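Worksheet: the structure to be examined is printed underneath.
The values are calculated or read from the model by the stated rules, or taken from the named source; none is laboratory data. Keep in mind the model is a prediction, meaning the values are calculated, not measured. All Cβ positions, glycine included, derive from the backbone under ideal geometry; neighbour counts span all protein chains shown. Note: areas computed on protein heavy atoms with side chains; ligands, DNA, RNA excluded. Shrake-Rupley method; radii C 1.70, N 1.55, O 1.52, S 1.80 Å.
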Amino acid sequence: MSYTHGNEDRLSHLPEEILSRILSSIPTKLAVRTSILSKKWRYKWTLVTILDFDDDRPIDAFHSLSNFVNRAFKLCQTSKIKRFRLRLSRYGLQTTSEVKSNISNWIKESVRLNVCEVDLHLTPFEMPVTLFTCKTLTKLSLSGWGMEGYVGSNVSIILPLLKTLHITSPINFPGRVSVNSFRLIHSCPMLESLSMEIAMCNNQEDYNFNIATLKRLKLKIVSVLSLNKVILNLPNLESLSFAGLLRSLFVVKDLSSLVDATVKLSDVKEDLYFLYVELLEGISGAKSISWSSPSLDVLLKSTLTEFPNLERLQLRGSLNSKSVLLFRQLERCAKLEHLRFQEPEKSCWIEPKSVPTWMLTNLKTMEITNCKGRDCDIEFLKYVLGNSEVLKGLTIKCKSLNIKDEKRLCAQLSTFPRASSETSGTVKRRVSFPRAPIRRLSPSTVSRTLLCNGAISRQFSTSTGTIKFDFTDLTRPHTWYPVARRKKRNVILHVGPTNSGKTYHALKQLELSSSGIYCGPLRLLAWEVSKRLNKAKVPCDLITGQEKEIVEGAKHKSVTVEMADVNSDYDCAVIDEIQMLGCRTRGFSFTRALLGIPANELHLCGDAAAVPLIQEILSVTGDNVQVNYYERLSPLVPLRTPLGSFSNIRTGDCIVTFSRKKIYKLKREIEDDGKHLCSVVYGSLPPETRTRQATMFNDESSEFDVLVASDAIGMGLNLNISRIIFSEMEKFDGLEMRPLSVPEIKQIAGRAGRYGSKYPAGEVTCLNKKDLPLIHSSINCPSPILESAGLFPTFDLLYMYSRSHLNCGLRQILEEFIENAKLSANYFIANCEEMLKVAAVLDELPISLHDKYLFCLSPADMSDDILSQGLTQFAHTYANKRIVRLREIFTPGTLKVPKTQVELKELESIHKVLELYVWLSFRLEDSFPDRDLASSQKSICGMLIEEFLERLGFQKPIPKKLKQFR
């Protein structure tokens, strides 16, 4: 498989300085990979000025990392490196003498190369002296498991040019943090920016910040038992940020240059109110203060000092006191121009005897959140409008106003007398407009769509009729689907354990309906249901991201849940595995189907843990909800003894593990015993290959009578399993190794003992005896109740949001939208890390926002190098030529049977690239015209993978003399 960047290689002819900047902008391991492009590129990477090493592999892989870093330093041609970054995972990394020696040498080598910035994230140990005497270092970041091991007690520290220091210490031990951290801090004569994060601290001494040059200080305390004082003697400090727990007395000696202060408290204790008051008095000279805490009342009950310079004040948190108390305290802010606060819970407004000076002559903007539109709220707003002589903008954010109350509020506000003729105001409430299918939209089209479904933010200024929208308000997603809301749906939940017949009953109703749709989490399930309905003489289309089979006269569809049509009416709809609406990555697709499918009957199949959440979500839709509970049709018995030796494996067993490497290792060990052959099933196998492997296992005449699989067997495959055997009870979830959850254990274990099969009673056990208690407790306890469902902004939302962010790329738009998104307690924003990685690649290309969004939705795993490269090449070619011919990127006829697991993994990745092409061809048909070629090559990939599994996958023929044991 080969990738090109056009006929002309203009990149190689760029000046070395520019190439150095380009290669330095990516991780070093990626820069090194460019050496394979051509002979000319072999040593281009040695021009980099940034050495960036990020490795999260276990300790047994450190040797390969060590060789790579040593070679990178040896070949690096620059005499001065801008940054050296080293981040090693805390999982399993031991500071052995070899590790310490290598890291020390790398740090020394970076210092020798006159490094400017050093960023280290690793298990702490005593660093080489050269790091703390480096004369070229301007920025230093140290993070890991505490400062106690970073600096030797006898080390002389002097960093003459250091301006920025970040210390992140998730664990500090008693008495050590100030000894080590402050030795470092006070040895930097030019220090301007300091950031410290501290947790589990139990110091009995003071934190003394006495730094004349410091301009920015950020301090976060996550968990603290006792600190005496935080002493601030910082005459040139301009910005102060404090977050976390306030358990220390802030003693301010000099903050005479303070401009901006931000305080974010994670809790407030009434008995410690004097600490909050001392801190507030300490920052009283700032021009801008942002104070955030669960409760603000403790501040208003105290006697505050004067705020002679304060121009901007932002208060975030619950306020149970009356607004008049807040205004009384604000009398001490003579220059206040901008105020943002939350409407108090108590519904009482008492007009002050005299108009506050700050309101009368200074106040230019005010923003009030949590306004409920009560009579007292309206009186308060009338008072503000009538007495603020220089007010230019008043923004009111309402929590729960409906359209009728909103219009009433706007009408009243528009009639109130105003002291300032320049005042304009905005009332904002929840965003609500329908989900539309992905398509190119003009601003006028979107505006019409929005206006037809009710304005959600209105200006009440009499001089303008402009309507504004808060596109980040996602608190009422049920209003996105107007077609479904016009129906009063009958929603029937079929809930119970695996193998209880819940899906069978739902599909029977679908089969009897005049029209319908089945939505499944996997292509295999959609394919199975389509086949079942067509066999029952019910014509049914099959529509997934990668295939579309249209049956003449069909009024039924079987689709993957992402492909659900929410604009067509159905008599009956079925959503399978509905508990997946709680999935962090795909849950939003199930939420969309749940709220958006306009069916007379909506059948939901899944775990009982989803019932309370679904009932809560549908309480605002007007649907009728009915719950049917099912019991398992065949017994599932957790065994009291582990498997022991592999010689105890028997026909019908399924051994479960969670990595390709372990699957093939177990397969080899079982087959070496000579009694059994093993089929394999895991997620990265092509779906067709998984199906055929399952078919071989189910076939009683087949020699493949044992299954080795990952959790991919949890849904989507009908398997005749007698006994589930867990080889381990933890898995890597993309971020860390974690124990299996109760739902995961029950889902996998429930595959044993399929009703109506050769094994009507299922058994479950494990390899290690220590795992038995977890299996028994999980099988016998209910799954944890789901608390929230996934949401993700539609393209329409992002498009309209982008109109006010014209200079931002899709990645920045997504990040800012998600950061500002407002949600109710029933929802969470789906994890979109993969989409952000794709967006970062696409933002460099001249393609539309719609097309970028489309590529981001594609099935691309950016951690797969070949698939990532394939998507990048597709996007570049599409941007430059508007047509992507598969033959320019992929050469048919070059595929062959893999001989090793490495080649197998590569072939699986090539299969995914071909699937990606097919996926894109269904959405950009004119630009990706080679769907048939991609599909045929995809099939060849599948056949070659199967040939590997059958011929070269460690499988051995069973000697005839041993077949008697089968």
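Summary table
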read-out	value
Residue-normalised accessible area of the stretch 808-905, given per residue in Å² at a 1.4 Å probe	46 Å²
Spin-label model distance (nm) - Val259 vs Ser777, 7 Å beyond Cα toward Cβ	5.5 nm
Charge dipole (debye, nearest 20) of the stretch 505-601; +1 at Cβ of Lys and Arg, -1 at Cβ of Asp and Glu	220 debye
Protection proxy ranking, peptides 689-700, 867-878, average beta carbon neighbours within 10 Å, highest first	867-878, 689-700
Normalised convex hull volume, the stretch 530-601, alpha-carbon set, Å³ per residue	97 Å³
Radius, Kirkwood style, for the stretch 544-669 when every pair of distinct Cα atoms is counted (Å)	18.6 Å
Efficiency of FRET between Asp699 and Lys40 - r from beta-carbon atoms, R0 51 angstrom, step 0.05	0.40
Inter-label distance for Lys392 and Glu903, nm, one decimal - labels placed 7 Å from Cα along Cα-to-Cβ	7.1 nm
Segment Thr133-Ser514, extension gain: residue separation times 0.36 nm, minus the distance between their alpha carbons	129.2 nm
Sorted peptide list for 43-50, 210-217, criterion being average Cβ within 10 angstrom, highest first	43-50, 210-217
Alpha-carbon gyration tensor eigenvalues x 5, square-rooted, for the stretch 742-786, Å	20, 16, 7
Computed E for Ala419/Lys372 - FRET, C-beta separation, R0 22 angstrom, nearest 0.05	0.35
Point-to-point label distance, Asn105-Arg71, nm (Cα→Cβ direction, 7 Å offset)	1.5 nm
Accessible carbon and sulfur surface of the stretch 710-751 relative to its total accessible area, %, 1.4 Å	53 percent
Heavy-atom surface of the stretch 517-670, accessible at 1.4 Å and reported per residue (Å²)	41 Å²
Efficiency of FRET from Cβ geometry, Leu633 and Asn880, R₀ 56 Å, rounded to 0.05	0.45
Sorted peptide list for 131-139, 778-786, criterion being average Cβ within 10 angstrom, highest first	131-139, 778-786
